[in-house]
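The structure appears below as C-alpha cells.
What follows draws every value from the coordinates through simple rules; no lab data is involved. The structure presented is a predicted model; accordingly, all values stated were derived computationally and were not measured. All Cβ positions, even for glycine, are placed from backbone atoms using ideal geometry, and neighbour counts span all protein chains on display.
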Amino acid sequence: MTLKKIVIAIDGPAASGKSTTAKLLAQKLGYVYIDTGAMYRAFALKALTQDVLERLQTDEAFLRQFVDSTDVRLSESSVWLDGKDVTTEIRTNDVSKSVSKVSALKAVREKLSAIQKKLGEAKGVVMDGRDIGTAIFPNAELKIYMLASVQERAKRRYAELKAKNAELGVTIEELEAEIRRRDEEDMNRAVSPLRKADDAIELDTSALTIEEQVERIYKLALEKINDCKGAVQ
C-alpha cells in the first residue's frame with residue numbers, strides 16, 4: 001500500500017530558511033521541490049538586465065508584453081529563463097533587492113501562480129514562497145510559516161553572499177535594512193501579501209540548524225501523511 005501524497009506549503013519572509021529546508025525535506029520524503037521564489041527572481045533578473053524595472057510598474061501594456069514574452073521553467077536543480085540557465089545569476093544581491101517590486105505586479109503573479117498550481121496538482125510536492133498556503137494551495141494538508149529575527153536572517157544572507165563572492169560590497173547592517181524593507185513590501189503589497197495562514201504551524205528558525213528545521217517539519221509531514229485516509233493501493 002502506498003500512502004497518499006500531500007502538498008506541503010512553506011511560507012515566510014526572506015532568508016528565514018525556507019528554500020534550503022524545503023529542498024532537503026522534499027528529498028527526504030521523495031517529493032518534488034518547487035522553488036517559487038526562484039521563478040520571481042528570474043523575472044526580476046530579466047527586468048534588471050533590460051533596465052525596465054521602473055517601466056514595468058508604470059506601463060501596463062509594456063508589462064503585459066513583458067510577461068507574455070517571458071518563459072520561466074524549473075528543472076530538478078536549475079532555473080531557466082527564456083531558454084537560458086540562470087540558476088546562479090538570480091542569487092545576486094541586486095536581484096534580492098529588486099524581486100519584491102516584481103513579485104508585487106499582478107500580471108507577473110497571475111502568470112506564475114497558474115504555473116505553480118499546475119506543478120502541484122498531482123501532490124507529493126514541497127512548495128515554498130510567500131503565498132503558498134494562502135493563495136496557491138489554501139487547502140494544502142500541511143502549512144508551515146517559517147520566520148527568524150532580522151539579525152539572524154541578515155547573518156545568513158551575508159554568509160550566503162560571502163560564499164559566492166569574496167568582495168561583497170555590502171555590510172550586515174545594510175542587509176538588515178534591506179530585509180526590513182523587503183518584509184515591509186511583501187507584507188503590504190496589494191496582491192497576495194505575505195501573511196501566516198490561519199491553519200499554518202509557525203516555526204521560528206532563529207536558533208535552529210537546517211537539519212533541525214528539516215527534521216521538525218519531516219515529523220509533522222509524516223503525521224499528516226499517516227492521518228490522510230484513503231491511502232492509494
Residue-wise HN-Hα coupling along the stretch 71-85, computed from phi with Karplus coefficients 6.51, -1.76, 1.60 (Hz; x: Gly, Pro): 10, 10, 9, 10, 10, 4, 9, 9, 10, 10, 10, 6, x, 10, 6
The chain: relative contact order in percent, alpha carbon pairs under 8 Å with at least 6 residues between: 37 percent
Estimated Rh, the chain: Kirkwood, alpha-carbon pairs, angstrom: 18.3 Å
Phi-based couplings in Hz for the stretch 195-200 (Karplus 6.51, -1.76, 1.60; Gly and Pro marked x): 7, 7, 5, 4, 9, 7
Shape category assigned to the stretch 154-228 from the gyration tensor of Cα positions, a/c cut at 1.5: oblate
At most 12 other Cβ within 10 Å, DSSP loop - trypsin sites (Lys or Arg not before Pro), the stretch 105-164: none
The stretch 179-193 - phi-based ³J(HN,Hα) in whole Hz, Karplus 6.51/-1.76/1.60, Gly and Pro as x: 5, 4, 5, 5, 4, 4, 5, 5, 7, 10, 5, 6, 9, 6, x
Set of aspartates and glutamates near residue 111 by C-alpha distance (under 13 Å), chain-local residues within fewer than 8 positions excluded: 68, 71
Residue 114 versus residue 65: modelled label distance in nm, points set 7 Å from Cα along the beta carbon direction: 2.0 nm
Scattering curve values for the stretch 99-233, log₁₀ I(q)/I(0), Debye with Cα scatterers, q = 0.17, 0.18 Å⁻¹: -1.13, -1.21
Rounded to 10°, Cα long-axis angle of helix 210-227 versus longest principal axis of the chain: 50 degrees
Tilt relative to the chain, helix 18-29 - C-alpha long axis, 0 to 90 degrees, to 10: 30 degrees
DSSP loop GluC sites (Glu not before Pro) with at most 10 other Cβ within 10 Å: longest gap in the chain: 1-75
The stretch 54-96 versus the stretch 102-136: alpha-carbon centroid distance in Å: 15 Å
